[in-house]
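Everything below concerns the one structure shown next.
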Amino acid sequence: MHEGEFEYTGIDIAENMLQYASERGYKTIHSPTEEALPPLEDRSYDFVFALSSLLFVEDIQTALAHINRIARQAVLLSLDDLTKDYIDNFTVTVYNHSKVFITGAKDDYFIRGWTSPTTGITLKTRMIYIPKN
């Protein structure tokens, strides 16, 4: 690996998402986030990104503790502000964690977010940056 290049690891339960990541050279972990994070070593990743993915995690506090534990330099999270209509119409159980307190956040703000291709519902997204240095 040359300076400025990164190694990536993708965690997902969806095989099609892991196939997509693998084709781009990512290492992959085929597992729910709650099961994938605990075995990872402390400070084993420079940066941890969890973008529009934590809505599938029921125990957000434990997941956040593991994310902070494995990051050496920084964490970037997005937490979608799920509406009742979105939750009721999504095909699997999802959780609205957009109001949780995030320890150590330097930047923490809402943006317009995205429109779900399956429900047509537009969601606000909370962007959070946690420096580790």
Name the residue, out of 98, 52, that is at pLDDT below 95 and hydroxyl-bearing (Ser, Thr, Tyr).
52
If a residue has to be in contact (Cβ under 8 Å) with a residue 24 or more places away in the chain, hydrophobic (A, V, I, L, M, F, W, C), over 14 Å from residue 123 (Cβ atoms) and outside any strand (DSSP E or B) to count, how many in region 64-85 make the cut?
3
Let me confirm something: among 5, 41, 35, which residue is loosely packed, with under 13 Cβ neighbours inside 10 Å, among the charged types (D, E, K, R) and at pLDDT below 95?
5
Across region 7-63, the tally of residues that are under 16 Å from residue 97 (Cβ atoms) and either part of a helix (DSSP H, G or I) or among the hydroxyl-bearing types (Ser, Thr, Tyr) (or both) stands at 11
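Conditions tested, residue by residue: (1) charged (D, E, K, R); (2) exposed (fewer than 15 other Cβ atoms within 10 Å of the Cβ).
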{"residue": "57", "(1), (2)": "no, no"}
{"residue": "84", "(1), (2)": "yes, yes"}
{"residue": "95", "(1), (2)": "no, no"}
{"residue": "114", "(1), (2)": "no, yes"}
{"residue": "126", "(1), (2)": "yes, no"}
Tell me the residue from 116, 98 that is out of contact with any helix residue (DSSP H, G or I) (no Cβ under 7 Å at 6 or more places or on another chain) and not aromatic (Phe, Trp, Tyr), please.
98
Here are the criteria: (1) among the acidic types (Asp, Glu); (2) over 23 Å from residue 9 (Cα atoms); (3) buried (at least 18 other Cβ atoms within 10 Å of the Cβ). Tell me which single one residue 80 does not satisfy.
(2)
Which residues, counting only those in region 97-133, are of a type in the set (S, T, N, Q), touching a Lys or Arg at 6+ places or on another chain (Cβ under 9 Å) and under 15 Å from residue 53 (Cα atoms)?
98, 125
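The values are calculated or read from the model by the stated rules, or taken from the named source; none is laboratory data. Treat the numbers as computed from the prediction; the structure is a model and nothing was measured. When we count neighbours, we look across all protein chains shown, and the Cβ atoms used for this are built from the backbone with ideal geometry, even at glycine.
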